[in-house]
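Some notes on the structure that comes next.
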Number of protein chains: 2
Amino acid sequence: MSTAAETTGGDIEPWEEVTPDAARRLLVAAVEAFAERGYHATTTRDIAGRAGMSPAALYIHYKTKEELLHRISRIGHERALGILRTAAEGEGSATERLADAVSSFVRWHAGRRTTARVVQYELDALGPDARAEIVALRRRVDAEVRGIIEDGVASGEFDVLDVQGTTLAVLSLCIDVARWFNIEGPRTPDEVGALYADLVLRMVGAKDAGAARK
Amino acid sequence: MSTAAETTGGDIEPWEEVTPDAARRLLVAAVEAFAERGYHATTTRDIAGRAGMSPAALYIHYKTKEELLHRISRIGHERALGILRTAAEGEGSATERLADAVSSFVRWHAGRRTTARVVQYELDALGPDARAEIVALRRRVDAEVRGIIEDGVASGEFDVLDVQGTTLAVLSLCIDVARWFNIEGPRTPDEVGALYADLVLRMVGAKDAGAARK
DNA sequence: GCCGAGGGTGAGCGGGCGCTTAGGGCGCTC
DNA sequence: GAGCGCCCTAAGCGCCCGCTCACCCTCGGC
């Protein structure tokens, strides 16, 4: 595989943009708690406790518990979109770019599983406005993947009957990694990424799947 | 497609086994509420209200709110397992049986989306004992699909490097349908089932995919 | 040495939660 | 038609939730 992140985790911690330090610690604590128990089952006291602070400290940096989820969700989606865009804009054939996109997207969902879980499964806990903003980001995620698949169909590399349906299935497959992946399981994020890139190339009927496995 | 359910919904309502009538109405109300808002965000008052009863009525038929989830989860998993087993034990080649299994499993996840959502995504809300029982059922689900894939590899119909990993991916793809499927969207459960059966046959490198599309 | 601002705390508010209890109505049995 | 058992309700208990408020400590500027 190519481009960015080679390591197992996939990426640098993306929370460095959150300041000040106390706000970041609270946000990281919230990600862990939301991922473990879900948004609704997590209490503000639990989040503050994990960050080593009193319950009231949370409200100095965030207006509500929902604002925390919103910030996490937006940053996470931007990160995911960035990963796909890097792959989509890369050089190489559609086959290579799709393999790259899937393997890095999957590596992120496996390696940063706690973040990905919150990002992908807690969307419904947001209010209408925040939800609409995140849904717009998701449509751009969909468009990136669909773009690569359309390129491959146009160039004759892929054989796909239902482009939108296949796009949906490919994204769905990658996203669900966040549900089942277990750090202590038998597979590393890199291995799952490689397996999934191969499976997706089969799904789109890529003629020359072997070439993308550098 | 073959075997059971031809209609859009996929199956008869599986709750007929729950008696008495009031207990069933409560259970159906709970499925709807859990699917819409999640287990933790659903209140016992909401469940009772949907069933047209007072909050206290719930506790005549169920010991706790968790027992409701447990009953829903067990019945739902048994239903899902039954669908896969019917397909796995059918006659015909591994290719045909895999296509049948995937299309009926997907039809269930799309058509009975509310039930499937609760079954697939609220597992973590169960206590350790109930959770262990459900996890055992899931292993049997996994074994059914793996069995078909192993048959296809043995007979030379399929070309699969990592049988366990591919099994996981196939199940993951089907299960995630419950997350994104929308009854009011452009696709019927039957259409998604057919699309997914085709995609899965490609994933396992089925030599004669066309033959399974009757 | 004093001051103000900003990050932090302890205590606690109003409210909604899961669940319990005392009792009421209705239909069956004889 | 008295007695009994089964469903169900009204009321409410104790608890913990998200969030607020009054106050404190620390630190840079002068």
| note | Expressed as a whole-number percentage, the relative contact order of chain A with C-alpha contacts under 8 angstrom and at least six residues apart is 27 percent
| said: Once R0 is set to 25 Å, what does the formula 1/(1 + (r/R0)^6) return for the Cβ-Cβ distance between B:GLU78 and B:ILE183, expressed as a FRET efficiency to the nearest 0.05? | reply: 0.55
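Taking all protein chains as present, what is the carbon and sulfur share of the accessible area of chain B, in % to the nearest whole number, probe 1.4 Å?
51 percent
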| field | In the B-A interface, the accessible area buried, summed over both sides, Å² (probe 1.4 Å) | value | 2400 Å²
| Once the dipole of the stretch B:1-147 is set up with Lys and Arg at +1 and Asp and Glu at -1 on Cβ about the Cα centre, which of B:PRO14, B:VAL119, B:SER104 lies farthest towards its positive end? | B:VAL119
| remark: Of the DSSP H helices in chain B, the ones reaching 20 Å or more along their long axis in Cα terms and averaging at least 0.0 in Kyte-Doolittle hydropathy are B:21-37, B:189-203
| note | Partner shielding of B:36-48, taken as the mean number of other chain Cβ atoms within 10 Å, equals 2
| said: Within 10 Å of each Cβ in A:165-176, how many Cβ atoms from other chains are there, averaged over the peptide? | reply: 6
| note | Cβ-Cβ cut-off under 14 Å around A:TYR59, Lys and Arg +1, Asp and Glu -1: the net charge is +1
| Which residue, B:ALA23, B:ALA136, B:ALA33, has the most motion in a Gaussian network model of chain B that connects Cα atoms within less than 10 Å? | B:ALA136
| task | Return the whole-Å distance between the Cα centroid of the stretch A:91-119 and the Cα centroid of the stretch A:148-167. | result | 18 Å
| said: Helix-only estimate, please: 222 nm mean residue ellipticity of chain B, summing -39500 (n - 2.57) across DSSP H runs of length 4 or more and dividing by its residues, to the nearest 500. | reply: -21000 deg cm²/dmol
| With DNA, RNA and ligands ignored, accessible area of B:THR19 (1.4 Å probe; Å², nearest 10) | 100 Å²
| query | Within the stretch A:50-130, which trypsin sites (Lys or Arg not before Pro) sit in a loop by DSSP and count at most 15 neighbouring Cβ atoms inside 10 Å? | reply | A:LYS63
| field | Residues of the protein assembly as shown: accessible area per residue with a 1.4 Å probe, Å² | value | 43 Å²
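The values are calculated or read from the model by the stated rules, or taken from the named source; none is laboratory data. Please read these numbers as outputs of a predicted model, since none were measured by experiment. Neighbour counts run over all protein chains shown; Cβ positions are idealised from the backbone, glycine included. Note: areas computed on protein heavy atoms with side chains; ligands, DNA, RNA excluded. Shrake-Rupley method; radii C 1.70, N 1.55, O 1.52, S 1.80 Å.
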